[in-house]
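Report on the following structure.
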Amino acid sequence: MKKLLLIVIAAFGFVAAAHAAGSDGVAWDKAPNKTNDLPALQNGAKLFVNYCLNCHSAAFMRYNRLKDIGLSEQQIKDNLLVGTDKVGDTMRAAIDPNEAKEWFGANPPDLTLIARSRSGHGGTGADYLYTYLRTYYRDPTKATGWNNLAFPNVGMPHALYELQGDREPVFDTIKEHGQDVKVFKGWKQVSAGTMTPLQYDQAVGDLVGFLQWMAEPNQNNRVRVGVWVLMFLLVFTGIAWRLNAAYWKHVK
């Protein structure tokens, strides 16, 4: 009995710890689903190559696979290839891993499966990325000069800063259990970027949609085939049921 009680107490402790860990940061926003929107995916691929591929690889994705989102081989060569890369190469970062580790403290992670690996209690991996890329703010106490509400103490600087501009979070102070607690209220635009807030959100949605597609390029085909399979099984179940009734109708 004592052993069972200790197990229950330990389980509650783990749940409480997980809840406390998950309560950090800000609530995740719902990412738009653009995995079927070819123009959005193409724009997301362009943003990925221009702003992400400098540091982050997508080592399990080849450039020529981008033909699946409506790009021709010539368009890939003219607009997306970096340096001496060839259209059949994988998407490797230009940065030297040793230099990256020295600058950021760790080698930037591969992003091929990032949209699948970052799901959690707050939503899908796409929701996390969509929120993360929209919650950067200036923090002079950090080595990079940036911090993030979705990923506090992040080591990565704001790669899309020129597009979004400079913002700072606004907090309200409320009383909770007799203590002052800061609650995120919204954003204050300090300096404008090259995009309006709406345009930036749309661009981030395109980028996240591309990351989501890249994590599972056959996802939409799988869903379409799955629907037809379920329809077939439903029809076949009806046929099998009628055949079973016909075979056994004379058996009492």
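Here, each number is a calculation from the coordinates, and none is a lab measurement. Since the structure is predicted, the reported quantities are computational estimates derived from the model, not experimental observations. Cβ sites come from the backbone with ideal geometry, for glycine too, and all protein chains shown count toward neighbours.
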Show me the ranking of peptides 64-71, 42-49 by mean Cβ neighbours inside 10 Å, starting with the highest.
42-49, 64-71
For Cα pairs less than 8 Å apart in space and 6+ apart in sequence, what is the mean separation divided by the residue count of the range 78-182, i.e. the relative contact order in percent?
13
Which number do you get for Rg(Cα) / (2.2 N^0.38 Å) in the range 26-146?
1.16
Relative contact order for the chain using alpha-carbon pairs under 8 Å, separation at least 6, rounded to a whole percent?
22
Just to be sure I understand the rule: take each whole DSSP H helix in the chain, project its Cα atoms onto its long axis, keep it if the span is 24 Å or more and its mean Kyte-Doolittle hydropathy is at least -0.5. Which ones pass?
2-22, 197-215, 219-247
Find the centroid of the Cα atoms in the range 27-79 and in the range 156-187, then give the distance between the two in whole Å.
30
Mean separation of Cα contacts under 8 Å (6+ apart) over length of the range 111-162, as relative contact order %
20
Could you estimate the translational diffusion coefficient of the range 20-86 from the Stokes-Einstein equation, with Rh from the Kirkwood formula over C-alpha pairs, at 10 °C and 1.306 mPa s, in whole µm²/s?
113
Take peptides 135-143, 229-237, 205-213 and line them up by average Cβ neighbours within 10 Å, highest first, as a rough protection proxy.
205-213, 135-143, 229-237
Translational diffusion coefficient, Stokes-Einstein: compute it for the range 95-228 using the Kirkwood radius over C-alpha pairs as Rh, at 20 °C and 1.002 mPa s, and state it as an integer in µm² s⁻¹.
125
For Val190, what is the net charge nearby, where nearby means another residue's Cβ is under 15 Å from its Cβ and Lys, Arg count +1, Asp, Glu -1?
-1
Violating pairs (Cα-Cα greater than 20 angstrom) within the set Lys34/Lys67; Lys46/Lys86; Lys142/Lys175; Lys46/Lys67; Lys30/Lys185; Lys46/Lys77:
Lys142/Lys175
Estimated [θ] at 222 nm from DSSP helical runs (n ≥ 4, -39500 (n - 2.57)) normalised by residues in the chain, nearest 500:
-13500 deg cm²/dmol
Inverse of mean 1/r across different Cα pairs in the chain, Kirkwood, Å:
21.8
